[in-house]
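The block underneath contains the structure these notes are about, expressed in C-alpha cells.
Nothing in this text is a laboratory measurement; each read-out follows from the coordinates by a stated rule. No experiment lies behind these values; they were computed from the predicted model shown. Note that we place each Cβ from the backbone using ideal geometry, even for glycine, and neighbour counts take in every protein chain shown.
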Amino acid sequence: MKHTFLAGILSVLVVGFTAGSMADEQKKPTGWLLEAETDEKRFELVQKYLRGFDQPMWEVGERYQSMHTALIRNNPELATYHWEKIRTTIENGIMKRPKRGKNAKAIFLETAWPDVLSDLKSGDLAKAKQGFNKAKAACMACHAAEQVGYMNNQPVFDLSFK
Ligand code: HEC
C-alpha cells in the first residue's frame, strides 16, 4: 500500500518534469545551424560537416563498385553514368582539398578519365570492361602518389575483368 502510494507520487513527478522540459525544447530555435550566432559560424559548421577528401572518395568507391556491377549486367550506359559522376565527385573533392588536384589531374582527370569514357561508350562490351581495368590502375596509382597506398588493399580493388 505504502509502496503504491510512493510510486504514484514519483510517477506524477516524473511525468510533470518530462512535460516541462519538452515545452522548453519546443521554445528553442530549431537545430544546430539556426542556433549558431552568426552566418560565419554557420558556414564554419557546414564546412566542417562536409568534411575533406575522404567523404567524396567514399562516394567514388561506391560508384566504382556500381560500375563494375553494371558491366557484369551488360549495362555500359549505367557504367558511363557512374563514371561521369565519379569525375564530378573528384572535382568537388579538389574544390575542398586543392592540394589533391595536381595528382588527380595528371593521373586521372586529364588522362585515364577520357580514355575510359571512350571505352565505355565504344559499344563494345569487351572494350568497356578493359576500360574498367584502366580505371582501377589509375585509382590505385593516385593512392600511391598521394601516400595512401594502403587504400589499395581493400576488396573493391580486387574487382577487375579478364
Ligand atoms: C587525388 C588522387 C586520387 C584519385 C584519382 C583517387 N583517389 Fe581514392 N583516395 C585518395 C586519397 C588522398 C584518399 C584518402 C582520403 C583521406 O585520407 O582523407 C582516398 C581514399 C579512397 C577510399 C577510402 C574512402 C573512405 O574513407 O572509405 C576509397 C574507397 C577510394 N579512395 C577509392 C577510389 C577509387 C575507386 C578511385 C578511382 C575511381 C579513386 N579512389 C581515385 C586519392 C585519390
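Extension gain for residue 154 to residue 78 (0.36 nm times residue separation, less C-alpha to C-alpha distance): 25.0 nm. For residue 117 and residue 41, the FRET efficiency from 1/(1 + (r/R0)^6), where r spans their Cβ atoms and R0 equals 25 Å, is about 0.05.
Once you reduce the stretch 29-52 and the stretch 76-116 to the center of their Cα atoms, the two points are 29 Å from each other.
Pairs exceeding a 23 Å alpha-carbon distance, out of 121/162; 41/105; 127/162; 41/85; 99/127: 41/105; 41/85; 99/127. Spread over its residues, the convex hull of the C-alpha atoms of the stretch 92-162 is 88 Å³ per residue. Counting other Cβ atoms within 10 Å as a rough exposure proxy, the listed residues 62, 40 run 40, 62 from fewest neighbours to most.
Ordering 72, 90 by the number of other Cβ atoms within 10 Å of each residue's own Cβ, fewest first, gives 72, 90.
In plain terms, the residue of 46, 156 with the fewest other Cβ atoms within 10 Å comes first and the most crowded comes last, giving 46, 156. In this rough spin-label picture, where each label sits 7 Å from Cα along the Cβ direction, the residue 103-residue 62 distance is 2.4 nm. Taking other residues whose beta carbon is less than 15 angstrom from the beta carbon of residue 129, and scoring Lys, Arg as +1 and Asp, Glu as -1, yields +2.
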